[in-house]
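Please read the structure below before turning to the comments.
The values are calculated or read from the model by the stated rules, or taken from the named source; none is laboratory data. Predicted model only: the values in this text are computed from it and were never measured. Don't worry about glycine lacking a Cβ; one is built from the backbone with ideal geometry, like all the others, and counts go over all protein chains shown. The accessibility values were calculated without ligands, DNA or RNA, using every heavy atom of the protein model including side chains. Shrake-Rupley method; radii C 1.70, N 1.55, O 1.52, S 1.80 Å.
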Amino acid sequence: MSKLPSLEDFKDRNVVEGSAYYDVDQREAPTTGMEKFKQVVNRTFRFELFIGLWVVLREMIKFDIHTVSYPAEKLPIGPRYRAVHEMQRLWESGTERCIGCGLCEKICISDCIRMDTRIDENSRKEVTEYTINLGRCIFCGYCAEVCPELAIVHGGRYENVSEQRAHYTDFNDMLTPMDMAISGKVAEYPGFGAVTPHEDERIKTTPLAY
Amino acid sequence: MSKTINFTIDGQKVSVEKGESILTGARKNDIYIPTLCHLAKATPIASCRLCVVEVEGSEGFVLSCNTQAVEGIEVKTNSDELYKERQNIMKLYDVNHPLQCGVCDKSGECDLQNKTLEFDVDSQNFAIRDQKRQKKGWGVLSYDPHLCIMCERCTVVCNEVVGSMALYIKPGGYKSLIDNHYSSCIQCGECISVCPVGAMASADFKYTTNVWELESVPSSCAHCSSACNLKYDVKTLGVGETDKAIYRVTNEVAIESLCGAGRFAYDFENRATKDELAFVKAVEAFKGADSIVFNSMITNEEAAVLQALKEKFSYKLINKEAKKYQEFLENFASVSGTKLYSGSLKTIEESDFAVTLGCSISADNPMVRFALNIAHNKRSAYVTCMHPLEDESLRNVITQYVKYEVGSEEGLLAMLCDLVVNEEAREKYSSFFDSLDSGYICGESSVGEEEFGLLYQKLRRKTKPVLVAGADLYNHPRAKNIAKLLGMIAKYSEFDLVIVPPETNSLGVALICDLDSVPGVKSIGYNVKGDFTLSALGEGDLDMPALNQQEGTFTSLDKKVVPLNVAVEFKGYELNDIANALGVKAKNVIDYTATLPQNSGYKDIEFDALENRFTMFEGIRGYELENVNVKGDDSIEEIDDLAEYNGSVIYRCNFPFNQFNSFTNKAHQTESEPFLEGSKQFAIASKISAGDTVRFTMDGKEYIRKFKISKELKGTLALNPVFDSTDNYDEYRYKQVKLEVVNG
Ligand code: SF4
Ligand code: SF4
Ligand code: SF4
Ligand code: SF4
Ligand code: SF4
Ligand code: FES
């Protein structure tokens, strides 16, 4: 193909001569017995194996060892990693961020979120129960993405040991501990579900009469 | 009379009847015009302006909802200008609208949300200073003026459909809001159901669930004989539960209505488990019993099971109220020549002259009230209510009140016959008419001759008259002759008749069961106390499913067979299981649907084949009974002496309006304490005062009730509600009683 294929060209999945798709690295497969024998000999007597062994030996002598002694040592997890959910609180006031809008419950493709809400004494919507069935959750991150309040996020807790998966989804366990929230020790959550850094630029202002 | 108007919409040929709007024409032909304030059941409100269209040759835009179609016009529903106009309307609605969809009950079914997205409002260039407004609570209603878009739907239904005139607009430009004359509000919740946004909300439902989590089960209301179409919205009871609960009731708001009982008294299900021991006992009890006593809070299919049991084991079937109603219909038919009355709710709505006799309209059947009110508003119908009790809440519905003395129904009906029947009847029943002594009747009933004169005068120019007969008549000592007089009106006049069934499925029971009047010695009670009691209230010896837990059908006031579906699962035994154990075999109770008696007008249609769907204009539900012709003894007796009732007279009538029976009294939003309610005049005449506990005997039962003075009532009648009992009655609804104060 001379010119760059367009998106439309890629939508045509019929791989033929001249389409956007072409086969990569299609070598002839050996057919006769002799050809097959030659291929085996070739692969066996290359020295690639010894190159690998030499690298290991070299690093061993230099004592440049990268092994992490898990579980005593842990690697930091990437901020976009999607492990067991966390529920955020507002800074300072410590109020739960979740408003019970139910979007996470709706969007969840494995249908594993279930919540109960009620009207509280101040006639606000209050979440009384919130569970995620981790036996079904596929950690797709949709809930965290849809949440309008940055309430549900994916945390970094990827190691879980218990007799039942349900134990990880007690609403109160998922919530940021109150003392941490009000002592201001929690930083703006950077992980999955947080706003992207350039969000301010995308906000449109609404005219106000005052 | 009606003329067809032909015109085009977007090049498509459409035709409507003269007087119908452009919008109606579009909807009949599946052409989409966006609307926000329009309600097919009410007159056009014309507040939202979203329905604008262009008409070839006329300046500017035209509101399609309230513009009558004219022959030959060319209508355009879409253009860039129209789109811009509609987009601007939505922008204006969105000015200062709180961004609270996240918690709003309406989110997901909100017209403001939908239309804002439909017209792609993603930025706002209008602004106005926001106002502080106060949230209000009126019983079951919760009003948040911040969310209100002043579409006026709520006020229009409250006035035009319900007839309460409770809601009104407090004008003030941008500050306008809705207010409520709360004492006139009958707590029907119609306003909640039509509100396109979350402004008028149910106080109880508020914030209990997001609406998209609910699953709708279409069914029929179980509380009165209108058997209104409704949908039970269900979801699991809570986190970790698998059993379902009903969270709310919804309906097709644009074309149909519900009263407060249907809308709020939904959680009357009986949560029971399979009690094998009780079941064995029940089967034993059936083997030892000779009669089954029951009320009409059952389905047609259950009635058919009872009838089948009767045929096999010769049980006596005792249902006092239905028996009286059955006899009444038979006597009616003997003169009218048709098994059933001719009218329906639709007939009432479309009538231009309506008379009700012996019916406590608001309490007995709210849909009759709504229909009368619609007729009154839409057709300028002349509505006359004949009743001994002047019901204040009906003052906007009724044009003429004819208040008569208790006991004089027969005389009044005879007078009415005299006004309306044709010459053929006069000849045939000449001796009856000759002996009619109007002076005596007017004197005894305290209805002036001029009142009949007025009626006669008003009737002359009317073409669609209807007569609604109510439950006061069926148990009347002269019920037989009253029924025959009604038959005479049905046969020999222009009038359509509606004979309101007294309980939910009284008509079904009357048409399906062969009822007895004398009970045996050992009885099975079904929802009524017997020697062994089956109860859907969970109060008996074996639990039965309530009417929101059953598949089956009702026979409604409209003479239609309408379906019920299971909203909440019932885990115990049902009547059909007992019948099977006794050898009356059917796999499911709905197997009886197609076998309902065809000589009563039922059709051979399977339950699963019953329709239950809607168009833009009407609900298509179940099927209508065939009105079979019958022959009988069509002689009519002369009027008997009218009975006199003096002193303290008590009327068996449920109050407040959302109370109908023990099931509405079980639902958490409608349960209440029954009071004896009467006017001040009644209190003085009976020498009791408000707050007194009084004892009296009525319907063979001793009642001890607290007395309450009601401002709504007048005269020397008091209401005795019976929603706290499952009994049904064959005595006349009025009784002269001795009241005994038993304070302390
Ligand atoms: S999406 Fe966020 S705010 Fe909404 S219910 Fe879920 S956690 Fe709460
Ligand atoms: S009324 Fe509609 S638009 Fe307004 S907050 Fe509620 S759901 Fe959102
Ligand atoms: S509940 Fe019914 S009567 Fe009361 S304000 Fe609403 S519509 Fe009117
Ligand atoms: S309360 Fe609802 S129905 Fe009534 S005017 Fe406001 S938005 Fe319309
Ligand atoms: S109680 Fe009667 S009028 Fe009210 S919703 Fe039920 S069937 Fe309709
Ligand atoms: S639908 Fe016509 S003005 Fe609202």
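Residues in the range B:124-144 that are at the interface with chain A (Cβ under 9 Å from one of its Cβ atoms) and either closer than 10 Å to B:VAL95 by Cβ or open to solvent by 50 Å² or more (accessible area, probe 1.4 Å) (or both): B:GLN124, B:ASN125, B:PHE126, B:ALA127, B:ILE128, B:ARG129, B:ASP130, B:LYS135.
Of all the numbered requirements in (1) under 28 Å from B:ASN159 (Cα atoms); (2) touching a residue at least 60 places away in the same chain (Cβ under 8 Å); (3) away from ligand 3 (no atom under 16 Å from the Cβ); (4) open to solvent by less than 80 Å² (accessible area, probe 1.4 Å), B:ILE5 misses one, and that requirement is (1). So for the range A:157-164 (the condition being outside any loop (DSSP other than H, G, I, E, B), open to solvent by 20 Å² or more (accessible area, probe 1.4 Å) and within 14 Å of chain B (Cβ to nearest Cβ)), does at least one residue qualify? Scanning the range A:157-164, I find no residue that is outside any loop (DSSP other than H, G, I, E, B), open to solvent by 20 Å² or more (accessible area, probe 1.4 Å) and within 14 Å of chain B (Cβ to nearest Cβ), so the answer is no. State whether the residues of the range B:54-61 include one that is more than 16 Å from ligand 5 (Cβ to nearest atom) and closer than 30 Å to B:ASN251 by Cβ. Looking through the range B:54-61, none of the residues is more than 16 Å from ligand 5 (Cβ to nearest atom) and closer than 30 Å to B:ASN251 by Cβ.
Of the strands (runs of 3 or more DSSP E) lying entirely inside the range B:146-213, those containing at least 3 residues that are open to solvent by 20 Å² or more (accessible area, probe 1.4 Å), away from ligand 5 (no atom under 16 Å from the Cβ) and closer than 26 Å to B:GLN131 by Cβ span B:167-170.
Residues in the range B:1-45 that are farther than 23 Å from B:ASP111 by Cβ and among the aromatic types (Phe, Trp, Tyr): B:PHE7 only. Quick check on my filter: what residues within the range B:710-738 are open to solvent by 20 Å² or more (accessible area, probe 1.4 Å), among the basic types (Lys, Arg) and assigned to a loop (DSSP other than H, G, I, E, B)? If the condition is that a residue be open to solvent by 20 Å² or more (accessible area, probe 1.4 Å), among the basic types (Lys, Arg) and assigned to a loop (DSSP other than H, G, I, E, B), then B:LYS711, B:LYS714, B:LYS738 are the ones that fit. Inside the range A:85-135, residues that are away from chain B (no Cβ under 14 Å) and either in a strand (DSSP E or B) or out of contact with any Lys or Arg (no Cβ under 9 Å at 6 or more places or on another chain) (or both) make up a count of 9. Out of all the residues in the range B:90-102, is one or more within 16 Å of B:GLY198 (Cβ to Cβ), of a type in the set (Phe, Trp, Tyr), part of a helix (DSSP H, G or I) and not assigned by TED's automatic domain parsing to the domain that holds B:ALA375? Checked against the condition, which is being within 16 Å of B:GLY198 (Cβ to Cβ), of a type in the set (Phe, Trp, Tyr), part of a helix (DSSP H, G or I) and not assigned by TED's automatic domain parsing to the domain that holds B:ALA375, the range B:90-102 yields at least one hit. Within the range B:388-433, the set of residues being over 23 Å from B:VAL368 (Cβ atoms) and open to solvent by 20 Å² or more (accessible area, probe 1.4 Å) comprises B:GLU405, B:ASP418, B:ASN422, B:GLU423, B:GLU424, B:ARG426, B:GLU427, B:LYS428, B:SER430, B:SER431, B:PHE433.
Looking only at residues in the range B:68-107 that are within 16 Å of ligand 1 (Cβ to nearest atom) and of a type in the set (A, V, I, L, M, F, W, C), the one that is nearest to the other protein chains (Cβ to nearest Cβ) is B:VAL103. Of B:THR35, B:THR43, all but one fail to be within 29 Å of B:CYS148 (Cα to Cα), part of a loop (DSSP other than H, G, I, E, B) and free of Cβ contacts under 8 Å to residues at least 60 places away in the same chain; the exception is B:THR35. Of the residues making up the range B:227-260, those that are part of a loop (DSSP other than H, G, I, E, B), farther than 24 Å from B:SER164 by Cβ and touching a residue at least 60 places away in the same chain (Cβ under 8 Å) number 1. Please verify whether the range B:101-111 includes one or more residues that are within 14 Å of ligand 2 (Cβ to nearest atom), at positive phi and in contact (Cβ under 8 Å) with a residue 24 or more places away in the chain. Yes, the range B:101-111 has at least one match. Taken over the range B:261-307, residues that are part of a helix (DSSP H, G or I), under 30 Å from B:PHE370 (Cα atoms) and touching a Phe, Trp or Tyr at 6+ places or on another chain (Cβ under 6 Å) amount to 2. Residues of the range B:47-68 that are away from ligand 4 (no atom under 16 Å from the Cβ), assigned to a loop (DSSP other than H, G, I, E, B) and open to solvent by 10 Å² or more (accessible area, probe 1.4 Å): B:GLU56, B:GLY57, B:SER58, B:GLU59, B:GLY60, B:ASN66, B:THR67. State whether one or more residues within the range B:67-90 are out of contact with any His (no Cβ under 8 Å at 6 or more places or on another chain), away from ligand 3 (no atom under 16 Å from the Cβ) and under 30 Å from B:LYS206 (Cβ atoms). Checked the range B:67-90: at least one residue is out of contact with any His (no Cβ under 8 Å at 6 or more places or on another chain), away from ligand 3 (no atom under 16 Å from the Cβ) and under 30 Å from B:LYS206 (Cβ atoms). The conditions of being in contact with a His (Cβ under 8 Å, 6 or more places away or on another chain) and either without any contact (Cβ under 8 Å) to a residue 60 or more places away in the chain or away from ligand 6 (no atom under 16 Å from the Cβ) (or both) are met by B:LEU147. If you check A:ARG46, A:ARG118, A:ARG58, A:ARG114 for being among the basic types (Lys, Arg), open to solvent by less than 60 Å² (accessible area, probe 1.4 Å) and away from ligand 2 (no atom under 16 Å from the Cβ), only one passes: A:ARG114.
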